[in-house]
1. Only one of Ser102, Ser21, Ser113 is surrounded by 20 or more Cβ atoms within 10 Å (Cβ to Cβ) and closer than 29 Å to Arg151 by Cα; which?
2. Looking only at the stretch 109-146, count how many residues are free of Cβ contacts under 8 Å to residues at least 40 places away in the same chain and among the hydroxyl-bearing types (Ser, Thr, Tyr).
3. Quick check on Val19: is it part of a strand (DSSP E or B), under 18 Å from Ala128 (Cα atoms), touching a residue at least 12 places away in the same chain (Cβ under 8 Å) and in contact with a Phe, Trp or Tyr (Cβ under 8 Å, 6 or more places away or on another chain)?
4. Any idea which of Thr58, Thr82, Thr86 is of a type in the set (S, T, N, Q) and surrounded by fewer than 18 Cβ atoms within 10 Å (Cβ to Cβ)?
5. Could you go through the stretch 187-208 and let me know if any residue there is farther than 26 Å from Ala107 by Cβ, β-branched (Val, Ile, Thr) and over 21 Å from the mean Cα position of the chain (by Cα).
6. Report, by residue number, each residue of the stretch 160-182 that is touching a Gly at 6+ places or on another chain (Cβ under 8 Å) and surrounded by 12 or more Cβ atoms within 10 Å (Cβ to Cβ).
7. Return the residues of the stretch 121-159 that are surrounded by fewer than 19 Cβ atoms within 10 Å (Cβ to Cβ) and either among the hydroxyl-bearing types (Ser, Thr, Tyr) or in contact with a strand residue (DSSP E or B) (Cβ under 7 Å, 6 or more places away or on another chain) (or both); say none if nothing qualifies.
8. Which number in (1) small (Gly, Ala, Ser); (2) on the phi > 0 side of the Ramachandran plot; (3) part of a helix (DSSP H, G or I) marks the one condition that Gly117 misses?
Amino acid sequence: MSMASYIAFKALRVTDDGVYSPHRYTKWDEVYAPALGRLTYSLRTASLEGNQGVYAGTFSEAWFYMKDCRMFLVVPDPDAETEVGTMGWRTTCALVIGEVPSLHDAAGLILASHQAGYPQIQGILRWARFVLTPRAGLTARELVEQSVEVRRMIRAAAMGQHVAIRRGHGLVLVGVTWSTPIRVIEGDQVPVLGLYPPLCIEVGEDWPPLRALCQP
């Protein structure tokens, strides 16, 4: 994969007839990208007015859209108008670097690009350094207890879920927040909001993204 500036994550739906953004189901065009020196996929918008633009961000934020999608690394076209934040960016033209081969390989590319002088997103660079930090012997439970980045990833995967709890004489819906407690259980269960006392997100210790972070 090519080194580049502002490498970020985006969940994209891959079908027989192309690549699509999952939120609005917008098809990406196959183009030759001089910045990458090869064919790739690109999505362009007219401007950044209002809520326009192509968005990309941290692994945790991209995972929120992962249903029926695959995870990709993307960058803003160097000639596009781009707004850069601490956790991601939006641009008038985004380019696909490639599908994420593994979390460790993606983190390695981000950190190598940074060390080569390509500016990176602060939150994504912090994530990359965390992924590449040796964690020999840590279990999934210990990793969740010790890492803000891992807890953020799990909560992002469960975001949008609600459960009904009784208050007074009625039921109210309560949803996942960025402070909802997390309970690690056996198996490979995806993050699910449950009523196990207290209200918490349950995630399997063998859930693939969590298991990948436990590997050396």
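1. Being surrounded by 20 or more Cβ atoms within 10 Å (Cβ to Cβ) and closer than 29 Å to Arg151 by Cα holds for just one of Ser102, Ser21, Ser113, which is Ser113.
2. 1
3. So Val19 fails the test.
4. Checking each option against the conditions leaves just Thr86.
5. no
6. In the first step, residues of the stretch 160-182 are kept if they are touching a Gly at 6+ places or on another chain (Cβ under 8 Å); the result is 160-163, 175-176.
Correct list: Gln161, Val163, Gly175, Val176.
7. Thr133, Thr139, Arg141, Ser147
8. Every listed condition holds for Gly117 apart from (3).
The values are calculated or read from the model by the stated rules, or taken from the named source; none is laboratory data. Bear in mind that the values here come from a model prediction, so they are computed numbers and not experimental data. Note that each Cβ is placed from the backbone with ideal geometry, even for glycine, and that neighbours are counted across all protein chains shown.
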